[in-house]
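Visitor: Just dropping this structure here.
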Amino acid sequence: MLNQEQKRCLDCGKVMSYGRTDKLYCDDICRARATRKRLKQETETGHEDAHKAVIRAIKRNYALLKKAVGDREQWIVDFEPLYRKGFNRMFYTSAEPSENSLRYYCFELGWEDISEGRLQVTVNKQKLEVFDPDSFGPVNTPSNEPGEY
């Protein structure tokens, strides 16, 4: 019988008689296995935290637009390379009407369709005063290949 000091590993069930009192797994192998099981279950059931997925998509869009425009105020880019790297037009922070269509924004970086397969990316410094995209932390994006933009 277990006394109050002994706990069982949440993955394999082995008695843990050593380590921190708030320890959940007996070793790194069980901890990693439990994490893989949880992530697999979330993927299979589609129950990834929706808020995290939206934030991740917006951060990815922002990073890709930022790389595309660089230090320029505006730039015209092909949509296809952005799309291949994970850009998704459905995720943006705001939108406003422009001359011919809507201009969508990820924080201060706006884009609009100017022709088939091409986007005009602009920097709106007024929006930069309102939003601080760096407050969301780093984002993992595929690296640009030289000469891509």
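Visitor: On the basis of being touching a helix residue (DSSP H, G or I) at 6+ places or on another chain (Cβ under 8 Å) and part of a loop (DSSP other than H, G, I, E, B), does Leu24 make the cut?
Guide: When the stated conditions are applied, Leu24 passes them.
Visitor: Moving on. Test Lys37 against the stated conditions and say whether it is under 30 Å from Gln6 (Cα atoms), in a loop (DSSP other than H, G, I, E, B), out of contact with any Gly (no Cβ under 7 Å at 6 or more places or on another chain) and modelled with pLDDT of 90 or more.
Guide: no
Visitor: Moving on. Looking at (1) farther than 18 Å from Val54 by Cα; (2) within 23 Å of the chain's Cα centre (by Cα); (3) of a type in the set (Gly, Ala, Ser), which is the one condition that is false for Ser94?
Guide: (1)
Visitor: Turning to a different aspect of this structure: From the residues in the stretch 86-111 that are surrounded by fewer than 18 Cβ atoms within 10 Å (Cβ to Cβ) and of a type in the set (D, E, K, R), which one is farthest from Ala63 (Cα to Cα)?
Guide: Result: Glu99.
Visitor: Just to be sure before I move on: is Asp71 out of contact with any strand residue (DSSP E or B) (no Cβ under 9 Å at 6 or more places or on another chain), within 30 Å of Lys125 (Cα to Cα), of a type in the set (D, E, K, R) and part of a loop (DSSP other than H, G, I, E, B) in the structure I sent?
Guide: yes
Visitor: Return a yes/no flag: does the stretch 78-85 have any residue that is modelled with pLDDT of 90 or more and in a loop (DSSP other than H, G, I, E, B).
Guide: Checked against the condition, which is being modelled with pLDDT of 90 or more and in a loop (DSSP other than H, G, I, E, B), the stretch 78-85 yields at least one hit.
The values are calculated or read from the model by the stated rules, or taken from the named source; none is laboratory data. None of these values were measured; they are calculated from a predicted model. Please note: Cβ atoms are built from the backbone with ideal geometry, for glycine as well, and neighbour counts cover all protein chains shown.
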